[in-house]
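Enquirer: Mind having a look at this structure? Questions to follow.
The values are calculated or read from the model by the stated rules, or taken from the named source; none is laboratory data. Computed from a prediction, not measured in an experiment: that's the story for all the values here. Here Cβ is always computed from backbone atoms with ideal geometry, including for glycine, and neighbour counts include all displayed protein chains. Side chains included, ligands, DNA and RNA excluded: accessible areas come from the protein's heavy atoms. Shrake-Rupley method; radii C 1.70, N 1.55, O 1.52, S 1.80 Å.
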Amino acid sequence: MRVKVLGSAAGGGFPQWNCYCPNCSALRRGKLQVRPRTQTQVIFSLDSKVWFLLCASPDLRQQILSARELALPTDDSASFPIGGVFLPNADVDSVMGLLHLREFQSFFVFATLGVQCVLLKENRIFRVLERSNPPAKWQTLSSKGRLGCHLSEDSSGPSDFICGTVPLGGCYPDYVSEETLRAVPAEDASVGFVMEQDDKHLFFAPAISGVSAVWKAAAERADVSLIDGTFWSDDELMRTGRSRRTAREIGHLPLSGPGGLLEQFPAKAKGRKILIHINNTNPILDEDRAEHRVALDAGFEIAYDGMEFQL
Ligand SMILES: [Zn+2]
């Protein structure tokens, strides 16, 4: 399985154009020698021909244009490089890129029923995915299950890989109406994925809301975990003047502190552990800061745009 990170930042990217937090301000002024980052987008492939997307980032158009793996074949009878999109939740930064995929090509969209309901019933703009012929094909994921997936449209043979879903807790985004919230299962709000092929496991969990045995088991077993690195501290958004809410209140376990992700990540896990979905306020982005070093010393890698690896 080949995996490539096309975007590694949380919502808004880094720098976020309208943000005055210390990191974004310093990067814009040229005072911070670190990599800018686009919003979280990961792609993976089993055959280097058909690629699947994890999330559909608001930056997806530019990310596709800059990824040689997703270059459109010169011949329009050749196969389309994007086979499907897996949506972990209905957050703006996970789904907005779907709009960039409208018009000419069909593909699969994998999401829980709750997320589908939010996107197709309450936010009818996503119906533009019906413009292609045939229209985009929605596939339902249970919040805790295993689905056999195929590289081609023909799903009669044995599956090419398994998508396991891991419930991550958390809430639906704040734009969802009360009426919709009453109609959708709470556990469908946010899931992680375990992509499994030939006994290799890729775990993708960009929004871990709390500590649970379920995601810990997935992380322990994975060859590579791409895991929630959104915030360093619980009060980070308050201290940087970005919000009055804590990291935990908006569905992200912070990296540091008692009960934080660095402490809670299973010590027995043998695979690579890579922090992704890093918010622009997070001090680990600054390679000169102690927090950056603490994360590395704890055995974590910090994702960057263009990072690639093979399982
Ligand atoms: Zn910022």
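Enquirer: Which of the chymotrypsin sites (Phe, Trp or Tyr not before Pro) found in region 9-105 are in a DSSP loop and have at most 13 neighbouring Cβ atoms, other than their own, within 10 Å?
Expert: Values: sites: TRP17, TYR20, PHE44, TRP51, PHE52, PHE86, PHE104; in loops: TRP17, TYR20, PHE104.
Here the sparse-neighbourhood loop sites are TRP17, TYR20, PHE104.
Enquirer: Another question, if that's okay. Summing -39500 (n - 2.57) over the DSSP H runs of n ≥ 4 in the chain and dividing by its residue number, what mean residue ellipticity at 222 nm do you reach, to the nearest 500 deg cm²/dmol? Write down the numbers at each step before the final one.
Expert: On the way: 9 runs with 53 residues, N = 311.
So the calculated ellipticity at 222 nm is -4000 deg cm²/dmol.
Enquirer: Moving on to the next point. Which is farthest toward the positive dipole end of the chain among ALA218, ASN23, PRO134, measuring Cα position about the Cα centre, with Cβ charges +1 (Lys, Arg) and -1 (Asp, Glu)?
Expert: With unit charges placed on the Cβ atoms, the residue in question is ASN23.
Enquirer: Within region 98-192, what whole-number % of the accessible surface is contributed by carbon and sulfur, with the 1.4 Å probe and all protein chains included in the calculation?
Expert: Values: 2550 of 5000 Å².
Roughly 51 percent, rounded to a whole number.
Enquirer: OK, next. Between TRP17 and LYS144, what is 0.36 nm times their sequence separation minus the Cα-Cα distance? Round to one decimal in nm.
Expert: Numbers: separation 127, 0.36 × 127 = 45.72 nm, distance 3.69 nm.
Going from the current span to full extension adds 42.0 nm.
Enquirer: Let me ask you something else. Please compute the modelled spin-label separation between ASP199 and ALA183, points set 7 Å along Cα→Cβ, answer in nm with one decimal.
Expert: 4.6
Enquirer: Here's a follow-up. Using only the Cα atoms of the chain, what do you get for the radius of gyration and for Dmax, in Å?
Expert: Just the Cα atoms of the chain yield Rg and Dmax of 18.6, 56 Å.
Enquirer: How far is the Cα center of region 260-281 from the Cα center of region 194-223, in Å?
Expert: Answer, in whole Å: 11.
Enquirer: For LYS268, what accessible surface area do you get with a 1.4 Å probe? Give it in Å², rounded to 10.
Expert: Estimated to the nearest 10 Å², LYS268 gives 140 Å².
Enquirer: OK, next. On full extension of the chain, what length is gained from GLU249 through ARG124, given 0.36 nm per residue of separation minus the C-alpha to C-alpha distance?
Expert: Numbers: separation 125, 0.36 × 125 = 45.00 nm, distance 2.79 nm.
Gain on extension, GLU249 to ARG124, equals 42.2 nm.
Enquirer: Kindly report the accessible area of region 158-276 per residue (heavy atoms of protein chains, probe 1.4 Å, no ligands, DNA or RNA), in Å².
Expert: Details: 5240 Å² over 119 residues.
I get 44 Å² per residue for this part.
Enquirer: Starting from the Cα of LYS137, draw a straight line to each of the lysines and keep only those under 21 Å, dropping any in the same chain fewer than 8 residues away.
Expert: LYS49, LYS121
Enquirer: From Cα pairs below 8 angstrom and at least 6 apart in sequence, can you work out the relative contact order of the chain, rounded to a whole percent? Walk me through the intermediate numbers first.
Expert: On the way: 718 pairs, mean separation 58.5, N = 311.
Rounded, it is 19 percent for the chain.
Enquirer: Please give the contour-minus-distance gain from GLN105 to LYS31: 0.36 nm per residue of separation, less the Cα-Cα distance, rounded to one decimal in nm.
Expert: Values: separation 74, 0.36 × 74 = 26.64 nm, distance 4.30 nm.
Residue separation times 0.36 nm, minus the Cα-Cα distance, leaves 22.3 nm.
Enquirer: To the nearest 10 square angstrom, how much accessible area does SER243 have with a 1.4 angstrom probe?
Expert: Spelled out: SER243, probe radius 1.4 Å, area about 40 Å².
Enquirer: Mind telling me which of ASP59, ASP223, ASP160 comes out most flexible in a GNM of the chain, alpha-carbon contacts under 10 Å?
Expert: The residue with the greatest mean-square fluctuation here is ASP160.
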